[in-house]
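A.B. asks: So that we are looking at the same thing, I have put the structure below in structure tokens.
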Amino acid sequence: MKNKKIQMISILIILTVFIASYIIFFSAIQNTEESVNHNEKKEMGQKNDSQNISTYSIVDTGQDKCFDNSTEINCPKPDEDFYGQDANYNYNQFSYTDNGDGTITDNNTGLIWQQSADLDGDGSIYINDKMPQDQAEDYCSSLEHAGKEDWRLPNIKTLYSLMNFKGEDPSAEINDNANPFISTTFFDFAYGDNTAGERDIDSQWATSSIYVSEVMNGKNCMFGLNLADGRIKCYPLEKNFYVKCVRDKENYGQNNFRDNEDNTIFDEATGLTWQKKDNGEDIEWEEALAYCNQADTGGYDDWRLPNAKELHSIVDYSRSPDTTDSPSLDPIFNSTSIINEDNQKDWGFYWSSTTHMKTSNQQEHGVYISFGRALGYMNGNWFDVHGAGAQRSSPKILLDIAELPEDPQNQYQVIDGAITHGPQGDVVRSKNFVRCVRGVPGTYNGEASAPSDDSTDLEYIVSDHSNQQSNNQQPDNEQLKSSPQEAINACTSKNELDTCIFQAPNGSVDGICRIIEETLACVPKDK
């Protein structure tokens, strides 16, 4: 009997050891597989981030100056304050082709644009060329221009591709040196018609993007782009707008998100990778830059604060706090909710790395996107006055209520501890949320781009550089004798031998700054 018990105990011990070994063995295999999958996923992410074909090519903002909290500065280096702002990165610089038939092709996106907004053909652009949103839709859909009949009114993401943040918000009357937020080298443009009583900044342009909610306590509205003051707002539909029709690339602006399951989201449409979660608290602009510079989400260390156009690319205009109880953002992302100034559940403003420039040389505002309600205080009540998905600007540092100017012309008001500004009482928040981005935005897989606005005196050889780079070859010295403007822009405010990157028509060029024919330009490495 005693021997049988000993035998049973021995068998149990053997079984226990076997089961434990089995568990340890298969756990090791699973861990190895997870490690391999994670590495494969990261390699895939790196490969995707550098892809050069995009269904939603994000054109650079054009901003080539750097700023601190109020003034222009030399562009900072990675170990300096304010590094990581818009002008520190240069991708997909503006590149247009004048087709000679009243149309302009955007070589980055493949979109073809009506060149002029002179709709009545009298040689000038003024109030008679404006129309309400519904008439603008009809005008574009029935337009026969340059031998084509497939014109349409652009949606807000499509029109925003033309946004040029070299523009300056006029703080006084328009002068000869004023810069609107669009290339006037290729497109006709007009400020508001003063002869008809309009303000200079009344240069709002129509889109097909109707807000899924309402503004100003019951008004239906359209997200329009103001190319005079550099903002997106939701304007009442009955207002009159300038119109610019577009054709081709009807799916432009559509995202294709994928959850990488490491707290990152990859957009296959743009080639950009995003943090799944925001930073969880509102902070000032300089802090936002630093937060992204120091982020290590997903094991990556190359995060940055997105520029205005990159951040705008993830807005989901089919969603809003009032209609979906969510921010205007795909639910694949996680967003921090807030209680807004009207004591409602809401979602906040998010910083971009872009500075909102003014003609007064006061550059104390940073561009933000409102993923929640864009509140204003009017007639004794808080309203969503500009819509979830608006793009505006906030002071980069926290305003001191006690130090606000008392001059009523400054239009600041304090309502129950909240600061408002302007005739619609726009809420002013100097601390906003952050969602970082990484990667290089892809480009439209079309024909080779033409020179950008300022490159008429340079031979355009980017395609040669990028083709040889993709074959692990380097361009010869003869090819490097001239530099495309994109390569020159990539070395703005940099020194010789600094690293640089820019987007060529056939892919990104990762290089160093070298002096080519007395010009500092980005050339492929080891050259």
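The values are calculated or read from the model by the stated rules, or taken from the named source; none is laboratory data. Remember, predicted model here, so these are calculated numbers, not experimental data. Glycine also receives a Cβ, built like all others from the backbone with ideal geometry; neighbour counts cover every protein chain displayed. The accessibility values were calculated without ligands, DNA or RNA, using every heavy atom of the protein model including side chains. Shrake-Rupley method; radii C 1.70, N 1.55, O 1.52, S 1.80 Å.
A.B. asks: Report yes if Gln363 is out of contact with any Gly (no Cβ under 6 Å at 6 or more places or on another chain) and surrounded by fewer than 20 Cβ atoms within 10 Å (Cβ to Cβ), otherwise no.
C.D. replies: Taking the combined requirement at face value, the residue does not satisfy it.
A.B. asks: Just to confirm my filter: which strands (runs of 3 or more DSSP E) fall fully inside segment 305-387 and include at least 1 residues that are aliphatic (A, V, I, L, M)?
C.D. replies: Passing ranges, in order: 337-339, 365-370, 375-378.
A.B. asks: If I filter segment 122-133 for residues that are more than 22 Å from Cys436 (Cβ to Cβ), in contact with a helix residue (DSSP H, G or I) (Cβ under 8 Å, 6 or more places away or on another chain), in a loop (DSSP other than H, G, I, E, B) and touching a residue at least 12 places away in the same chain (Cβ under 8 Å), do I get at least one hit?
C.D. replies: Yes - at least one qualifying residue is present in segment 122-133.
A.B. asks: Is it the case that segment 165-182 has a residue that's in contact (Cβ under 8 Å) with a residue 24 or more places away in the chain, open to solvent by less than 70 Å² (accessible area, probe 1.4 Å) and of a type in the set (Ser, Thr, Tyr)?
C.D. replies: Scanning segment 165-182 turns up no residue that is in contact (Cβ under 8 Å) with a residue 24 or more places away in the chain, open to solvent by less than 70 Å² (accessible area, probe 1.4 Å) and of a type in the set (Ser, Thr, Tyr).
A.B. asks: Find all pairs meeting these conditions: Cβ atoms under 7 angstrom apart; at least six residues apart or on different chains; first residue within segment 83-102 and under 12 Å from Ser353 (Cα atoms) and at pLDDT 95 or above; second residue open to solvent by less than 20 Å² (accessible area, probe 1.4 Å) and part of a loop (DSSP other than H, G, I, E, B).
C.D. replies: Going by the 7 Å Cβ cut-off, the qualifying pairs are Tyr83/Pro76; Gly84/Leu305; Asp86/Thr61; Asp86/Gln63; Asp86/Asn307; Ala87/Gln63; Ala87/Cys75; Asn88/Cys75.
A.B. asks: Determine whether Gln114 is more than 15 Å from Asp188 (Cα to Cα) and crowded, with 16+ Cβ neighbours inside 10 Å.
C.D. replies: No: the conditions fail for Gln114.
A.B. asks: If you don't mind, there's one more thing I want to ask. Quick test of your reading of the structure: Gly425 fulfils all but one of (1) at pLDDT 95 or above; (2) surrounded by 15 or more Cβ atoms within 10 Å (Cβ to Cβ); (3) not aromatic (Phe, Trp, Tyr). Name the failing condition by number.
C.D. replies: (1)
A.B. asks: Please work out which one of (1) of a type in the set (Lys, Arg); (2) modelled with pLDDT under 50; (3) open to solvent by 70 Å² or more (accessible area, probe 1.4 Å) is the condition Lys77 fails and give its number.
C.D. replies: Evaluating Lys77 over (1) of a type in the set (Lys, Arg); (2) modelled with pLDDT under 50; (3) open to solvent by 70 Å² or more (accessible area, probe 1.4 Å) leaves (2) as the failure.
A.B. asks: Moving on. Please go through segment 308-319 and give me each residue that is touching a Phe, Trp or Tyr at 6+ places or on another chain (Cβ under 7 Å) and farther than 13 Å from Gly253 by Cβ, ordered by number.
C.D. replies: Ala308, Leu311
A.B. asks: Among the residues of segment 489-505 satisfying the criterion of being surrounded by fewer than 21 Cβ atoms within 10 Å (Cβ to Cβ) and either of a type in the set (D, E, K, R) or at pLDDT below 70 (or both), which is nearest to Tyr83 (Cα to Cα)?
C.D. replies: My answer is Lys494.
A.B. asks: Now for a separate question. Select from segment 239-262 the residues that are of a type in the set (D, E, K, R) and touching a strand residue (DSSP E or B) at 6+ places or on another chain (Cβ under 9 Å) and write down the one among them that is nearest to Asp129 (Cα to Cα).
C.D. replies: For segment 239-262, the residue satisfying everything is Lys244.
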